[in-house]
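Right, one structure below, let's go through it.
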Amino acid sequence: MTADHPNTQGSQVRPGLQSRQRPEGLEWSEDLGTPPYPHPESPSFTAVSPYYDVLMRDVPYRGWVRYLHQLFEVRGAKPHRILDLACGTGTICEMLAKQGYDVVGVDLSEGMIAEARRKAEEQLFQLTYHVQDASCMEVPGPPFDLCVSLFDSLNYITVPAALQAAVHRTFDHLRPGGLFIFDVNSAFALENGFFDQENLKSDDRLRYVWRSEYDPPSRLCHVHMRFFLRSRDDVDEEFREVHIQFAYGETELNAMLAQAGFTDIQTYHAYTLSPVRPTSDRIFFIAAKP
Ligand SMILES: C[S@@+](CC[C@H](N)C(=O)[O-])C[C@H]1O[C@@H](n2cnc3c(N)ncnc32)[C@H](O)[C@@H]1O
């Protein structure tokens, strides 16, 4: 989630999140402090679910879908049935469904799936969503031509064995010749504080401060997220989440894919067809089921 907001050219933009300075005239009195913040441990994608789309309003999802099509072209792929793994509130599912694909979304978070279902119902989309954990998913129906997992969702699977299981489950859900496309935040991004973001614009109803801590021995990045939601009578209600991501290496992920049986594995500097660089903050993977 929002370790960056890449544009379609591959450069990184963080709309609305640029300022690290606390602007003049902020109304709430509590000092923002420095991490680690004292907080009750809260699972990720719970309290934030109803606000996820507001937070992601500047994310160039359309550009990402265009990039997916570029990758299909590179592989000569013409998928029809698509699994969006860790689909969140279903924005990518909706875009793909609008283009005529048959899409199924899976996500661990009940709150995110509730939002996805609410949006689909509102817009009369025929979309199927399941609350399931990627590492043991059992999605009903015929095998998929393609599985996508976007926006560093797989970094949230913080136990390598669980991610390996998720890669196996994905393999099992694809038809022979099917593709798996996903992106991750690189270790470079997590080590270099790409999650340190804030939006403290006083006219926004939802403001937030995120501070990350990367722990090299465990390779875990803890992101302490504080949100301030202004009510109609101008009172700020605060809620918090802690998001945890694991810094997977490119070689290690390639090995996990191969271990599950994937072949023709290719990696890219995100949103380009260029090779990964030492400073790539986001890496795309594409792999095929033989
Ligand atoms: C950053 S959000 C991305 C959501 C969506 N792909 C998007 O692009 O907006 C990461 C998502 O991964 C989901 N997730 C984390 N661990 C998961 C798991 N083990 N199985 C399925 N989904 C998971 C979270 O619930 C969350 O919705």
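No value in this document is a laboratory result; all are computed from the given coordinates. Since the model is a prediction, treat every value here as computed from it, not as a measurement. Glycine gets a Cβ as well: all are built from the backbone with ideal geometry, and neighbour counts include every protein chain shown.
Across the chain, where is the longest run that never hits trypsin sites (Lys or Arg not before Pro) in a DSSP loop with at most 16 other C-beta atoms within 10 Å?
Longest gap between qualifying sites, sites excluded: 58-200.
Add -39500 (n - 2.57) for each DSSP H run of 4 or more in the chain, then divide by its residues: what number comes out at 222 nm, to the nearest 500 deg cm²/dmol?
Working: 7 runs with 70 residues, N = 290.
So the calculated ellipticity at 222 nm is -7000 deg cm²/dmol.
With a 10 Å Cβ neighbour count serving as the proxy for reagent exposure, in which order, fewest first, do Ile265, Ile286 appear?
Ile265, Ile286
Shape of the chain from its Cα gyration tensor (a ≥ b ≥ c, root eigenvalues): rounded if a/c is under 1.5, otherwise prolate when a/b > b/c, or oblate?
Since a/c reaches 1.5 and a/b is larger than b/c, the shape of the chain is classed as prolate.
Loop by DSSP (not H, G, I, E, B), at most 11 other beta-carbon atoms within 10 Å: where is the longest site-free stretch of the chain for GluC sites (Glu not before Pro)? Don't jump to the answer; show the numbers that get you there.
Numbers: sites that count: Glu24, Glu27, Glu30, Glu41, Glu138.
Of all site-free stretches, the longest is 139-290.
Could you put Ser135, Ser280 in order, starting from the residue whose Cβ has the fewest other Cβ atoms within 10 Å?
Fewest-to-most ranking of Ser135, Ser280: Ser135, Ser280.
If neighbour count is taken as other Cβ atoms inside 10 Å, put Thr46, Thr158, Thr267 in order from fewest to most.
Thr46, Thr158, Thr267
Between segment 213-290 and segment 163-190, what is the separation of their alpha carbon centroids in Å?
12 Å
Sum up the charges of everything whose Cβ sits under 13 Å from the Cβ of Glu110, counting Lys and Arg as +1 and Asp and Glu as -1, but leave Glu110 out.
Value of the local net charge: -1.
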